[in-house]
1. Restricting to region 506-527, count the residues that are out of contact with any helix residue (DSSP H, G or I) (no Cβ under 6 Å at 6 or more places or on another chain) and closer than 17 Å to PHE43 by Cα.
2. Of the residues that make up region 246-255, is at least one assigned to a loop (DSSP other than H, G, I, E, B) and either surrounded by fewer than 19 Cβ atoms within 10 Å (Cβ to Cβ) or at pLDDT 85 or above (or both)?
3. Checking LEU253 against (1) touching a helix residue (DSSP H, G or I) at 6+ places or on another chain (Cβ under 9 Å); (2) under 28 Å from CYS316 (Cβ atoms); (3) of a type outside the set (Phe, Trp, Tyr), only one condition comes out false. Which one?
4. Take ASP456 and decide whether it is assigned to a helix (DSSP H, G or I) and not polar (S, T, N, Q).
5. Would you check which residues across region 468-490 are in contact (Cβ under 8 Å) with a residue 24 or more places away in the chain and either crowded, with 20+ Cβ neighbours inside 10 Å or not hydroxyl-bearing (Ser, Thr, Tyr) (or both) and list them?
6. List every residue pair whose Cβ atoms lie under 7 Å apart, where the two residues are 6 or more positions apart in sequence or sit on different chains, the first residue falls within region 81-97 and is on the phi < 0 side of the Ramachandran plot, and the second residue, located anywhere, is open to solvent by less than 100 Å² (accessible area, probe 1.4 Å) and acidic (Asp, Glu).
7. So which of LEU32, LEU109, LEU71, LEU50 is assigned to a helix (DSSP H, G or I) and touching a helix residue (DSSP H, G or I) at 6+ places or on another chain (Cβ under 9 Å)?
8. From VAL145, VAL167, VAL173, VAL124, which residue is touching a Lys or Arg at 6+ places or on another chain (Cβ under 9 Å), β-branched (Val, Ile, Thr) and not in a loop (DSSP other than H, G, I, E, B)?
Amino acid sequence: FDIVFCVKSKRNCLEKRKPWARVFYEYWYHPLILQAGSKVTKFFHILMWLMAGTLLGLGIWGLVEHREVGLGLEDFFPDDNQASVWATMRTEELASWSIQMNWGEVDYLNTTTQMKVIKQFEDVVATPHVAELDTHFFWLANFAVWTTHQCRENFDREDPEVLACGVNQVYPVDNSTCTGAWMPNILQLREKVFAEDPDTCVAYDGGVCRPTSQMHNEDLILNNTEDVGSWCPVFDSWDSDKFSFCLGKWRELTGSDGRLVLKNATGSRTDCDGEYLNDEIVQVPIPYAAGPTMFAFDLFTHQTTIDMLEETRAICDDNPEIHCWLSGIPYDYWSQYIDIWKNFWKIGLIAVLACFGVSFLFLVSKLYMDRLFSTGKIIGGSLIGSLMITITTAASLVVVAGLSTLFDVSFTGFSIMSFVLSVGFAVEYSVHVVARWMIANATYKTSMERVENAMDFLFLPTFMSFVSSTIGVACLAFTDFDFNQVYFFRPLIIVMFTTYFFGCWWLPAALVLLDFDVVKLGREVSPTESHLEQKAEPLVKADNDALRDEELEEVEDGKVTEETPVHHKHHKHHKHHKHHKHRQKKHPGNDRHGDEESP
């Protein structure tokens, strides 16, 4: 009738009925939770503790054992969308992304630094989810080999008249050549793979370092080979100008790139229009350099992708001596999930601590305004009250997050937002329950009576709040978009039931156990006030019954019709109210009880 407002209700407008939630309270909630001395109530209190412990255990188990993180591209589209089908097939069948290593300005003229940079590259390649790649594809290693007698460019050069190895390139400033050196393999770099049978091909060459048995005779003459089992190519005793000159020759004669920073945009023109030589001048010191294209593979889950990011960044980004960084789609997109687990606990901890602080200030300010107790008792009671609110909130947060993971909700920014909403709902329930329990007047002697006083007043509004919020969240279940169902409906519906259970079922059962004087902060009442408070509700109920019976008789006799002015009805109500006040003064002990609820 709120919607079809033109339709007249057939039920008499004067007929009063108890709200169905009130009926639920009187016939179910009160007998099960608030009936003092009842064995059924004691059983249900134990059941509340068992249910709370079970839920908390499931939540912790879900967070520890079933935690997943991240959103894939397929999650952002409906299942029948073309983009979703493509993203799903790519994840399930290919599960690979290209990545790249990058360096800033590094002292490449230092031989130890050269080997450390190559070591970084080889260590990243050695991680479980990065595809195998020979070290000679890395520009620095390739250039170092080019400066030695192991250079192969002279065997396959475009111009037979021009030698293409570093040992053949003369630096005009001092007539020295771009000849490198060999150093002992002190960093355990990979060695080049050699087949035992010369006619057998190997799948990968491996590294660029060599055992002594595979060294060139001229290189062995230059080095003391005693007690050295492995050697690595380096370039030593060069200045920046010679380094720039030799890098330029290496790029020009081998066609290599190295993704270095160049001083000029293009090289020299050739006889063919639009073609240029690869003879640009390399900027030294080198401000930026990049490695070859690499591939991360077997990234079938978000967690696997994050593991790959953490494994490679530990070698590159987290290196305190030589800093480098990795790039590519996995690092651009999945980086947001690396610390999401820590961020969840950080945000949750801040929310719970804020809950404790705000609830403590709320209780202290409320009790200080009443000025009924000493400062020590107010602070002590407020601490206990805010602690109970905080425990309720923290338990709700852990259970909501843990149960959500059991229902396949991954940790993302969206789901964490839903998880943390449980703090607001838990505080909304618990702060009212605890506050009303603490300030119940002194006529309620036991903790059970004070809890009953609080829930008798709060059950209806909290229950209707729970029902209305749950109905609103339930609408999300009917969407065809799985993203909404998974990351909003599932966690939020768990929020509704979990926070209501902990705030309005477990919390009253827990407060019953706290029968301490420090939490009894209600005002003292005189015997007359206590007597009137206990009798006021039956008197009002009886008076309402008498008024209703009188008006019903007038309706039946035709004295009150639909055209009867409203003020006439109000006048009769006023007279009856005055008569009730007179009767109450005359008979203060009137103890009539009505069956209807006091308005």
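1. So the answer is 2.
2. Residues of region 246-255 assigned to a loop (DSSP other than H, G, I, E, B): 255.
After this cut, where a residue has to be either surrounded by fewer than 19 Cβ atoms within 10 Å (Cβ to Cβ) or at pLDDT 85 or above (or both) as well, the list is 255.
Yes, there is a match, as at least one residue in region 246-255 is assigned to a loop (DSSP other than H, G, I, E, B) and either surrounded by fewer than 19 Cβ atoms within 10 Å (Cβ to Cβ) or at pLDDT 85 or above (or both).
3. With (1) touching a helix residue (DSSP H, G or I) at 6+ places or on another chain (Cβ under 9 Å); (2) under 28 Å from CYS316 (Cβ atoms); (3) of a type outside the set (Phe, Trp, Tyr) applied to LEU253, the lone miss is (2).
4. On the way: assigned to a helix (DSSP H, G or I): yes; not polar (S, T, N, Q): yes.
Yes; evaluated as a whole, the condition is true for this residue.
5. Step one: list which residues in region 468-490 are in contact (Cβ under 8 Å) with a residue 24 or more places away in the chain, which gives 469-470, 480-483, 486-488, 490.
Within region 468-490, ASP480, PHE481, ASP482, PHE483, VAL486, TYR487, PHE488, ARG490 qualify.
6. Going by the 7 Å Cβ cut-off, the qualifying pairs are SER84/GLU74; ALA87/GLU74; THR88/GLU74; THR91/GLU74.
7. Numbers: LEU109 fails: assigned to a helix (DSSP H, G or I); LEU71 fails: assigned to a helix (DSSP H, G or I); LEU50 fails: touching a helix residue (DSSP H, G or I) at 6+ places or on another chain (Cβ under 9 Å).
Within the list LEU32, LEU109, LEU71, LEU50, the selection yields LEU32.
8. Working: VAL167 fails: touching a Lys or Arg at 6+ places or on another chain (Cβ under 9 Å); VAL173 fails: not in a loop (DSSP other than H, G, I, E, B); VAL124 fails: touching a Lys or Arg at 6+ places or on another chain (Cβ under 9 Å).
Going through VAL145, VAL167, VAL173, VAL124 in turn, the sole match is VAL145.
The values are calculated or read from the model by the stated rules, or taken from the named source; none is laboratory data. In this text, all values refer to a predicted model and were calculated from it rather than measured experimentally. Because the Cβ atoms are built from the backbone with ideal geometry, glycine has one as well, and the counts that use them run over all protein chains shown. Note: accessible area is taken over every heavy atom of the protein model, side chains too, but ligands, DNA and RNA are not part of it. Shrake-Rupley method; radii C 1.70, N 1.55, O 1.52, S 1.80 Å.
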